[in-house]
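K.L.:
Submitted below is the structure of interest, expressed as structure tokens.
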Amino acid sequence: MSVVRLLCIPLFLYLLFGRDNPAGAAWLMGGLGGTDWIDGYIARRFNQVSNLGKILDPTADRLMFIVGLIGIIVYGVSPLWFFWLVLVRETLFGGVVALATAFGMKRFDVTWWGKMATFLLMLALPGLLLGQSDFRYRLPFQIGGWLCAIPGLIISYWTAFTYIPVIRANLREGRADRARKDLAL
């Protein structure tokens, strides 16, 4: 499912810019967010969690967020400050994790709060996009988008700060493990 979500990112951009259909792009983004939850549920329920899935799923989430946010910003959906704050958090945090991983950080699982922030933002982004489209019932989606946006943004920044000591510890542990393996050779 993560691969399908990755492959749908260009479709999101096509709907938004090629077809000038923000409502269609919002529905697609919402559906992709829903498949993320379904994918995780199925993997846990049927004990099909894999290391590849643990890497691919958050990568698909980040790419969907970042490309979606850039598309929404370029398209000019208000409020730009909100979308910029989410984009800054996603790119900075994703960059730090990628860099730490490149330097040997031991992998760590996402916390419940991290999952909650992602869930809320996956509801907020399409809700706010749909709320500014020509969709007939856009007002409830805009209200729902805001009800998810503010707590999602606050929780996402809070979790980013709580991950800092985890990243440091896992980076030290990963480097120590690598040093022990090098000495054993």
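K.L.:
For Trp37 and Phe17, compute 0.36 nm times the residue count separating them, minus their Cα-Cα distance, and round to one decimal in nm. Please list the in-between numbers first.
P.N.:
On the way: separation 20, 0.36 × 20 = 7.20 nm, distance 2.68 nm.
Here the segment from Trp37 to Phe17 would lengthen by 4.5 nm.
K.L.:
Where in the stretch 39-62 does the amide nitrogen come within less than 16 Å of the point 7 Å from the Cα of Trp112, taken along Cα to Cβ?
P.N.:
The answer is none.
K.L.:
Calculate, for Leu92 and Arg136, the FRET efficiency according to 1/(1 + (r/R0)^6) with r their C-beta to C-beta distance and R0 45 Å; round to the nearest 0.05. Don't jump to the answer; show the numbers that get you there.
P.N.:
Details: r = 38 Å, r/R0 = 0.84.
Efficiency for this residue pair is about 0.75.
K.L.:
Give the aspartates and glutamates whose C-alpha is closer than 16 Å to that of Lys115, dropping any in the same chain fewer than 8 places away, or say none.
P.N.:
Asp36, Asp39, Asp57, Asp61, Glu90
K.L.:
Just from the alpha-carbon atoms, what are the Rg and Dmax of the chain in angstroms?
P.N.:
17.9, 66
K.L.:
222 nm [θ] for the chain, helices only, -39500 (n - 2.57) per DSSP H run of 4+, per residue, to 500? Walk me through the numbers on the way to the answer.
P.N.:
On the way: 7 runs with 150 residues, N = 185.
Mean residue ellipticity, 222 nm, calculated: -28000 deg cm²/dmol.
Just so you know, all these numbers are worked out from the coordinates, no wet-lab data involved. If you're wondering where the values come from, they're calculated on a predicted model, not measured in any experiment. Note that we place each Cβ from the backbone using ideal geometry, even for glycine, and neighbour counts take in every protein chain shown.
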